[in-house]
Amino acid sequence: MSYDSSSKPQGVSRGVSFKFLNSLLLTVSGSVMLLALLAAIGIWRSGGRFFEGLMMMVQPPPPTQEVDIRSVVVRQIQGASELTTAIFTMEAVVPAKSDRTVAGYVVGSTNLLYIAYGEVRAGVDLSELTAEDVQMMADGVRVTLPPPRLLDSKIDVDRSTVYDYDRGFLGLGPDNAPVLQDFAQEEALDKIIKSACAEGILHEANARAEQVVGQLLATAGYANYRVLTQPPAAEVCSALKNAETPALE
């Protein structure tokens, strides 16, 4: 006796399909619940980082900012200009003389002895440093400093004095103490500038600048750095020779 499968009742076929769909729905529901549970555990463990990750997925990252490290180094160094100053002080004894003549003959002389206290300042002007003077290397940074120069020179009139003023026999010498004092101050300042240059004030300014800038770079976190100095110009020491003599306030 043969059996024709096509003769199976339709109710049986529908029952099998319903059970299959029911099993599939249960499987999907279980998977969704499992994913929800895993997500809840992830949120509990990561806290706010989970939401930050979601925000990063939704929102584009902010544009990257590029910083010129050389300019940062320049700004850090430029504020230390006063720390690189070398100061030379000296007392100079300068005689000054003025004659009174009649018909080509000296009839009287005035002598003035002036003790001047002067000061000369030299340094490296770090405000002149530019980004081109800074080279970033793979293992550190190299900075080339501007050349040293004389910043100013002054006579401290409060600490200076006229030691002696003599108009000679019978006071026949000209009474021009202010003129002689001004001349003595100019000569004293010129002498102090030459002495400062001879004692190496410009080289001292270079050494101080190299030390200060090196300390700044080390403090900024540069383990490997090199500070290069430049020699002073040949005419620097004579630049203030003919300048007007200023007085310390």
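List the strands (runs of 3 or more DSSP E) inside the range 134-179, counting only whole elements, that have at least 2 residues being among the charged types (D, E, K, R).
Those strands (runs of 3 or more DSSP E) span 149-155, 161-166.
For the range 185-202, which residues satisfy the criterion of being of a type in the set (Asp, Glu) and within 15 Å of residue 149 (Cα to Cα)?
Scanning the range 185-202 gives a single hit, 199.
Would you check which residues across the range 108-132 are β-branched (Val, Ile, Thr) and open to solvent by 10 Å² or more (accessible area, probe 1.4 Å) and list them?
Hits for the range 108-132 are 115, 130.
How many of the residues in the range 198-223 are surrounded by fewer than 18 Cβ atoms within 10 Å (Cβ to Cβ) and of a type in the set (A, V, I, L, M, F, W, C)?
5
Out of 182, 152, I need the residue that is under 26 Å from the mean Cα position of the chain (by Cα) and either open to solvent by 80 Å² or more (accessible area, probe 1.4 Å) or closer than 23 Å to residue 236 by Cβ (or both). Which one?
When all the criteria are applied, what remains is 152.
The values are calculated or read from the model by the stated rules, or taken from the named source; none is laboratory data. What you see is a predicted model, and the numbers here were worked out from it, not measured in a lab. Every residue, glycine as well, gets a Cβ built from its backbone with ideal geometry; the counts of neighbours run over all protein chains shown. What goes into the accessible areas is simple: the full protein's heavy atoms, side chains included, and nothing from ligands, DNA or RNA. Shrake-Rupley method; radii C 1.70, N 1.55, O 1.52, S 1.80 Å.
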